[in-house]
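The values are calculated or read from the model by the stated rules, or taken from the named source; none is laboratory data. Keep in mind that this is a model prediction, so the values were computed, not measured. All Cβ positions, glycine included, derive from the backbone under ideal geometry; neighbour counts span all protein chains shown.
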Amino acid sequence: MFNDIGPLELATIIVLAVLVFGPDKLPKVIQDVMRTVRKIREFSESAKQDIRQELGPEFKDFEFEDLNPKTFIRKQLDNEDLGLKELRNGFDLKKEMAEVTDAVHGRAPESSSPSSSAASGGRIDMTKKPEEAGKDDRPPFDADAT
């Protein structure tokens, strides 16, 4: 519950509690605080059970942590039914960005053999192809586009 409280902070809280409440009243204050925390937890669990019962059997696997958008998205992306793990594992962002940068700067790709596209998993070659000599600079006329 208090994962981010260090030993020095905990000692400071204990010393302040002893100074504020005194050594004779401190055990009763701790009992009252623990009783209140226990009641709040029971109330929370009761409310969760009531909500689950009202939602019905379709939502029996519903977790309140899923209401957090980060948790929900992480859970959906880890879902095996969508096949997103294969897509994520097959996509190398650094390599793709290097290829795009090379294409923008007009540099030749590292391996320009035709088998490289098959080895890279069927990726599209985005490098600029050299134009043929004598070819007209105008794009072809498209009657449907005008």
Checking Thr71 against (1) touching an Asp or Glu at 6+ places or on another chain (Cβ under 6 Å); (2) modelled with pLDDT of 90 or more, which single condition isn't satisfied?
(2)
Pair list, Cβ under 6 Å, 6 or more apart: the stretch 43-60 residue at positive phi, other residue at pLDDT below 80:
none
